[in-house]
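The values are calculated or read from the model by the stated rules, or taken from the named source; none is laboratory data. Everything quoted here is computed from the prediction, not taken from an experiment. Positions of Cβ are generated from backbone atoms using ideal geometry, with glycine treated the same way; all protein chains shown enter the neighbour counts.
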């Protein structure tokens with residue numbers, strides 16, 4: 001008898017975001033952001049999740065899903081429907097994400113990405129981080145990967161990883177969905193005055 005797909009839930013610092021971890025990758029190499037059912041291009045997993053009332057955004061990375069809700073219902077009441085959607089579309093022989101999703105990202109040009117990210121940092125991200133004495137800097141683009149460095153109060157800060165993951169990366173993917181991976185090259189061990197220790 002086939003074992004049911006194991007799914008582990010994880011609450012995050014943001015009460016509207018919950019992560020769901022599977023045992024096997026859903027997608028390799030890419031982080032995919034879906035802000036509406038139109039973004040799914042017919043991907044069974046994404047269509048099934050957006051059919052759950054209150055789901056706003058879905059981020060797929062490796063074997064994990066980060067789901068944002070815009071509904072007052074607690075995650076405990078949404079989780080059974082989310083689990084059912086995942087199990088129905090991620091089992092053996094299923095193709096949860098339509099290949100056209102990744103193909104469309106591969107075909108997006110990269111020539112404007114550095115300028116778009118720098119503008120985002122200058123106008124939005126760094127002014128927000130400045131309140132904690134921090135900043136983030138674009139180090140380089142390497143193929144479709146973005147290398148960034150955090151400094152000031154963000155360097156060595158206990159919340160730096162969450163800030164990068166849920167704040168900076170999500171913002172970057174909104175202006176540059178064609179990037180593959182965000183890589184933090186910060187030497188956090190040498191941070192002299194992190195905002196949170």
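Could you grab me the full set of residues in the range 73-99 that are in contact (Cβ under 8 Å) with a residue 12 or more places away in the chain, assigned to a loop (DSSP other than H, G, I, E, B) and out of contact with any helix residue (DSSP H, G or I) (no Cβ under 9 Å at 6 or more places or on another chain)?
73, 91, 92
I'm checking my understanding of the structure. Among residues of the range 54-72 that are part of a loop (DSSP other than H, G, I, E, B) and touching a residue at least 24 places away in the same chain (Cβ under 8 Å), which one is nearest to residue 8 (Cα to Cα)? Can you show your working first?
Within the range 54-72, the subset part of a loop (DSSP other than H, G, I, E, B) is 54, 62-63, 70-72.
Those left that are additionally touching a residue at least 24 places away in the same chain (Cβ under 8 Å): 54, 62-63, 70.
Numbers: 54: 20, 62: 14, 63: 11, 70: 21 Å.
Top of the filtered list is 63.
Cβ-Cβ distance below 6 Å, separation of 6 or more or different chains: which pairs start in the range 10-39 with a residue that is not assigned by TED's automatic domain parsing to the domain that holds residue 98 and at pLDDT 90 or above and end on one that is surrounded by fewer than 15 Cβ atoms within 10 Å (Cβ to Cβ) and not in a loop (DSSP other than H, G, I, E, B)?
Once the first residue is not assigned by TED's automatic domain parsing to the domain that holds residue 98 and at pLDDT 90 or above and sits in the range 10-39, no partner that is surrounded by fewer than 15 Cβ atoms within 10 Å (Cβ to Cβ) and not in a loop (DSSP other than H, G, I, E, B) comes close enough.
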